[in-house]
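The values are calculated or read from the model by the stated rules, or taken from the named source; none is laboratory data. Predicted model, so just to flag it, every value in this text is computed and none were measured. Cβ sites come from the backbone with ideal geometry, for glycine too, and all protein chains shown count toward neighbours.
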Amino acid sequence: MPPIILFLAKHPQVAEYDLSALRFIVTGAATLDAGTQVAVSEQLGVPIRQGWGMTEVSQAAFSPLSFPPVPGSSGRALPGTRLKVVDPDTGAPRGVGEKGELCVSGPQVMVGYLDRPDETARTVRDGWVHTGDLGYVDGEENVFITGRVKELIKVKGMQVAPAEVEGRILEHPDVSDACVVGVPDERAGELPKAFVVRRTGATGLDEQAVKAHVAERLASFKVPAMVEFIDTVPKSPSGKILRRLLA
């Protein structure tokens, strides 16, 4: 899971171990940004492959195992699996490279939730599971997950995916972990706030350094308006960030 990948990428003790028998790593449960994926792959000398699934599609829908891993991608749709990307508000189809909600159809799609017909109707529509995950598909059918529909931060009407901002923050060598949430703002509606865990010994990392690092890589409305330093980012046993505990 991604917290272990982050450990392998950031912790100096990893270099003390003989990992020559390692052939490849598969990661899932949460999104791993392309920068961290490449860093670990180069550090360990093995490919890092991401997959994607959820309980409602019998765990798996996309897999990278049959293809060379593409940084940041969760692979391609499994055989017999159909995928479409739609506007999360209107349901209109999105084209190649356009972000939207990922919808999956195939033999592994669930019949429904037990004794929850209303929730089933919201999630499964005409045989398509609306996953709640945001992403896009490139010209070679590689799937990229960019965040969750419910986690989008609306800044003056523009959408900010927390995972994208977190990925850029994690590229800073003095950062060991990060989480971004939306906080209410009277003028903007919401603003992104970053919770950052400093790398051990990186006492010089401050709020302005984090903001400047992100500003060089993303549009201005995606730059965190606030940065708070914490000891650890709360996560579930599967490695998913528990944003509600910080929000």
Checklist (1) under 20 Å from the mean Cα position of the chain (by Cα); (2) closer than 20 Å to residue 5 by Cβ applied to residue 219, failing item | (2)
Pairs with Cβ under 8 Å, 6+ apart, first in region 43-58 and over 18 Å from residue 238 (Cβ atoms), second at pLDDT below 85 and of a type in the set (D, E, K, R) | none
Quick one: in region 237-247, which of the residues that are surrounded by 12 or more Cβ atoms within 10 Å (Cβ to Cβ) and of a type in the set (Gly, Ala, Ser) is farthest from residue 146 (Cα to Cα)?
-> 247
Of all residues in region 68-88, which are without any contact (Cβ under 8 Å) to a residue 60 or more places away in the chain and surrounded by fewer than 20 Cβ atoms within 10 Å (Cβ to Cβ)?
-> 68, 71, 79, 80, 81, 82, 84, 86, 87
Examine region 211-225 for a residue that is closer than 23 Å to residue 29 by Cβ and either modelled with pLDDT of 95 or more or aromatic (Phe, Trp, Tyr) (or both), and state whether such a residue exists.
-> no
Of the residues in region 100-112 that are part of a loop (DSSP other than H, G, I, E, B) and free of Cβ contacts under 8 Å to residues at least 40 places away in the same chain, the one that is nearest to residue 61 (Cα to Cα) is 107
Kindly check whether there is at least one residue in region 113-122 that is small (Gly, Ala, Ser), over 29 Å from residue 242 (Cβ atoms) and not in a loop (DSSP other than H, G, I, E, B).
-> no
Residue 228, sole failed condition from (1) out of contact with any Asp or Glu (no Cβ under 7 Å at 6 or more places or on another chain); (2) more than 21 Å from residue 148 (Cβ to Cβ); (3) not hydroxyl-bearing (Ser, Thr, Tyr); (4) not in a strand (DSSP E or B) = (4)
When you look at residue 81, is it β-branched (Val, Ile, Thr), touching a Ser or Thr at 6+ places or on another chain (Cβ under 8 Å) and modelled with pLDDT under 85, yes or no?
-> no
Of all residues making up region 4-34, the number that are under 12 Å from the mean Cα position of the chain (by Cα), at pLDDT below 85 and in a helix (DSSP H, G or I) | 0
Starting from region 219-247, take each residue that is in the same structural domain as residue 178 (by TED's automatic domain parsing) and list its partners that are aromatic (Phe, Trp, Tyr) and surrounded by fewer than 18 Cβ atoms within 10 Å (Cβ to Cβ), counting only C-beta distances under 7 angstrom and pairs at least six apart or across chains.
-> none
Give the number of residues within region 173-190 that are closer than 18 Å to residue 217 by Cβ, in contact (Cβ under 8 Å) with a residue 40 or more places away in the chain and surrounded by fewer than 20 Cβ atoms within 10 Å (Cβ to Cβ).
-> 0
Residues in region 155-186 that are polar (S, T, N, Q) and over 17 Å from residue 145 (Cα atoms) total 1
Within region 228-247, restricting attention to residues that are within 20 Å of the chain's Cα centre (by Cα) and among the hydrophobic types (A, V, I, L, M, F, W, C), which residue is farthest from residue 154 (Cα to Cα)?
-> 233
Taking region 45-56 as the region of interest, how many residues are surrounded by fewer than 19 Cβ atoms within 10 Å (Cβ to Cβ), more than 30 Å from residue 123 (Cα to Cα) and among the aliphatic types (A, V, I, L, M)?
-> 1
